[in-house]
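Structure record follows, encoded as structure tokens.
The values are calculated or read from the model by the stated rules, or taken from the named source; none is laboratory data. Because the structure is predicted, anything quoted here is derived from the model rather than measured. Counting neighbours? That spans all protein chains shown, and the Cβs are built from the backbone with ideal geometry, glycine included.
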Amino acid sequence: MEYTILILLLPFLSFLALGLGGKWMSHRTAGLIGTVALGVVAVLSYLTAGMYFSAPRLADGTYETLTPYNFKWLPFTESLSIDMGILLDPISVMMLVVISTVSLLVHIYSFGYMKGERGFQRYYAFLSLFTMSMLGLVVATNIFQMYLFWELVGVSSYLLIGFYYTKPAAIAASKKAFIVTRFADLGFLIGILVYGYYAGTYTFSPSEMALAKGGAAMIPLALGLMFIGGAGKSAMFPLHIWLPDAMEGPTPVSALIHAATMVVAGVYLVARMFPLFIEYAPGVLHIVAYVGAFTAFYAASVACVQSDIKRVLAFSTISQIGFMMVALGVCTSADPHEGGLGYMASMFHLFTHAMFKALLFLGAGSIIHAVHSNEMSAMGGLRKYMPVTHITFLIACLAIAGIPPFSGFFSKDEILTACFRFSSTMGWIMTVIAGMTAFYMFRLYYGIFWAGSEPGQKSASGGLAPGQQSASDVSDSHVPHPHESPLAMTLPLMLLAVVTIVAGFIPFGHFISANGTTYSIHRDWSVAGTSIVAAVISIAIATYIYAGSRQPVANALARRFKGLWTAAYHRFYLDEAYQFVTHRIIFGCICRPIAWWDRHVVDGFFNFLAWSAEAISDEIRGLQSGRIQQYTFVFLLGTLALILLLLL
């Protein structure tokens, strides 16, 4: 499969062509170059998946791990080196399909959404760089190569989130995303260095010799530090604060970041290092589960009261990524029949979530394109004007709510089953969070498509106060009679809706499992039935509260629990807490005294040295007057003094 190098080269060449020559291209030409390149990448990814999964399995029942390319880039010792190459195994091949599919549809969708935007060519160049970075990350042959592309993903996200660089909110959001993830990535880098030193290699399989010498004791520390990087990239609590603000970028960028690229990088990292977690650090893996569970509950709580539709989806993404982390963390073995079901469930949910979350974000972009606002209070009754967007958005809501036969039901059901196998407490916690998911998604659905008799009529939207709007997508004017989006935008919606409907029927366990062998999904109807009941009850409650135009129940609840509602609306003031810690404590109490010491003591000392040298030089510079008579006189005077000393 040597042709797989083209999967990385084509988007990189597209980035170079658009980045260097984009200003001489028309919008149509630039868009076609980026889209055609991604179309070829998608075809190659599908071809790779077809060839890989159709190949005969090995004697132990697993798929062969292929390395079409690998060369030593920076050798340190005979066993320790930084290599660059391409690694193909079940999860990397699956990720190639997910990334290329979503990215291609985002490229197509952007033809309509970004039409007429200044910087259109630059936008497509950044999309190509972003896609190439994520593709390079998932096919990395070693942890250091993964880290290099990991950082490229961070740079690409900074460029895309801050695409509207003339708007202060977009600039602040891009810097916030970059800085927060850089702090997390410091832990990732330290973990990589610890792993390389004690494991004797940067590959995903540690050296037996290094482990025999005591390196195994340090593997849990290395994996824990690596998870910090994954938690930052996947927006796990408390490193989640960058993701809601990332909505300041164009909506198609939000779809790409939230569905198939940046936010799943942390999940992919844990999955890639899963054999090491299971063998050497099961305790760290369970910490991953607890962090994921708390993050899922926190994000779902905040999503229940947000008024900006993109922020609802942003917190939904954080919650769903938490589900994936929990599924990985509750694994107790690599055998899917005993304790490894969560691995398959996590990857399955990653696959299905990428499709319906991309559908939700692109649907949100279609809505924003029609009404020129992110706020639910400016929406309502849009089902009559945007039938395609309405139906496709409803399909995505049913999928994420876990209603059969949509894909989200099948993958989330496996996660809940794995959680119940781990402990009944974890199972019930995640079931409740799944019910919350159904509630806030249908609150969003009714607020957009039903609440209010006409678009533009202010709806209560659950007592929602005016919230912060995305600077990239909001204008002061409101279109009284919106219309359906053009085909370039609705076609990706329809394609993603079809995938969302059928993806759950894929026998995912036949292709991906914790130990690589075939696993046939056996549905536990006690778990599935409970989750369906929870989802249906939650949808019914959301229908009762939000389906009407006036929403008196929602307003009454908002007034009755005003303190809790306000705290959740402000994300429980975590952003304010970060501001207080950074500005008042770190900058005010630590950095300011250090700055004073630097200016007055350190700078003062060196200024004193400079002043002293200057003052002394002023006093002695007369000795170098340039007059020969003076030099002769001094010379003779010195000679006479020496003679007198010798005589005495």
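Do we find that T29 is out of contact with any Asp or Glu (no Cβ under 7 Å at 6 or more places or on another chain) and in contact (Cβ under 8 Å) with a residue 60 or more places away in the chain in this structure? Against the criterion (out of contact with any Asp or Glu (no Cβ under 7 Å at 6 or more places or on another chain) and in contact (Cβ under 8 Å) with a residue 60 or more places away in the chain), T29 does not qualify. For segment 232-290, residues that are of a type in the set (G, A, S) and more than 23 Å from L88 (Cβ to Cβ) total 10.
Do the conditions hold for G61, that is, is it within 30 Å of S26 (Cα to Cα), more than 18 Å from the chain's Cα centre (by Cα) and surrounded by fewer than 23 Cβ atoms within 10 Å (Cβ to Cβ)? Taking the combined requirement at face value, the residue does not satisfy it. Across segment 291-306, what is the number of residues that are buried (at least 23 other Cβ atoms within 10 Å of the Cβ) and over 24 Å from F348 (Cα atoms)? Final tally of qualifying residues: 3. If the condition is being closer than 20 Å to T251 by Cα, of a type in the set (V, I, T) and touching a helix residue (DSSP H, G or I) at 6+ places or on another chain (Cβ under 6 Å), then segment 147-180 contributes V153, I161.
If you go through segment 397-430 and keep only what is closer than 14 Å to A327 by Cβ, surrounded by 24 or more Cβ atoms within 10 Å (Cβ to Cβ) and polar (S, T, N, Q), you end up with just S411. Flag not set for L18, criterion: within 24 Å of M146 (Cα to Cα), part of a helix (DSSP H, G or I) and out of contact with any Pro (no Cβ under 8 Å at 6 or more places or on another chain).
The conditions of being part of a helix (DSSP H, G or I) and not assigned by TED's automatic domain parsing to the domain that holds S110 are not met by I539.
Considering only residues in segment 32-69 that are touching a residue at least 40 places away in the same chain (Cβ under 8 Å) and β-branched (V, I, T), the one that is nearest to V106 (Cα to Cα) turns out to be T35. In summary, helices (runs of 4 or more DSSP H) completely within segment 211-290 and bearing 1 or more residues that are more than 27 Å from D575 (Cα to Cα) and free of Cβ contacts under 8 Å to residues at least 40 places away in the same chain occur at 219-233, 274-280. Restrict the check to segment 503-522 and report whether at least one residue is at pLDDT 90 or above, farther than 30 Å from T332 by Cβ, among the hydrophobic types (A, V, I, L, M, F, W, C) and not in a loop (DSSP other than H, G, I, E, B). There is no residue in segment 503-522 that is at pLDDT 90 or above, farther than 30 Å from T332 by Cβ, among the hydrophobic types (A, V, I, L, M, F, W, C) and not in a loop (DSSP other than H, G, I, E, B). Within segment 272-308, which residues are within 15 Å of L360 (Cβ to Cβ) and in contact with an Asp or Glu (Cβ under 8 Å, 6 or more places away or on another chain)? The one that is within 15 Å of L360 (Cβ to Cβ) and in contact with an Asp or Glu (Cβ under 8 Å, 6 or more places away or on another chain): D308. So which residues in segment 13-29 are modelled with pLDDT under 90 and small (G, A, S), if there are any at all? Scanning segment 13-29 gives G19, G21, G22, S26.
Consider D83 carefully, then state whether it is part of a loop (DSSP other than H, G, I, E, B) and farther than 21 Å from P250 by Cβ. No: the conditions fail for D83. Elements of the type helices (runs of 4 or more DSSP H) sitting completely within segment 559-603 and holding at least 2 residues that are within 16 Å of H240 (Cα to Cα) and in contact (Cβ under 8 Å) with a residue 60 or more places away in the chain: these cover 562-569, 574-579. Within segment 137-187, if we keep just the residues that are among the hydrophobic types (A, V, I, L, M, F, W, C) and outside any helix (DSSP H, G or I), the residue that is surrounded by the most Cβ atoms within 10 Å (Cβ to Cβ) turns out to be V139.
Within segment 92-146, the set of residues being under 20 Å from W73 (Cα atoms), in contact with a helix residue (DSSP H, G or I) (Cβ under 8 Å, 6 or more places away or on another chain) and β-branched (V, I, T) comprises V138, V139, I143.
Could you list, in sequence order, the residues of segment 365-419 that are among the small types (G, A, S), touching a His at 6+ places or on another chain (Cβ under 8 Å) and part of a helix (DSSP H, G or I)? Correct list: A370, A378, G408, S411.
Take the residues in segment 298-313 that are within 16 Å of Y573 (Cα to Cα), of a type outside the set (K, R) and assigned to a helix (DSSP H, G or I), then tell me which one is nearest to the chain's Cα centre (by Cα). Among them, the one singled out is A299.
Looking only at segment 492-501, decide whether some residue is under 27 Å from the mean Cα position of the chain (by Cα), under 30 Å from F422 (Cα atoms) and either at pLDDT below 80 or in the same structural domain as V312 (by TED's automatic domain parsing) (or both). Within segment 492-501 (the criterion being under 27 Å from the mean Cα position of the chain (by Cα), under 30 Å from F422 (Cα atoms) and either at pLDDT below 80 or in the same structural domain as V312 (by TED's automatic domain parsing) (or both)), the answer is yes, since at least one residue qualifies.
On the stretch given as segment 244-272, residues that are modelled with pLDDT under 85 and either surrounded by fewer than 24 Cβ atoms within 10 Å (Cβ to Cβ) or touching a His at 6+ places or on another chain (Cβ under 7 Å) (or both) total 0.
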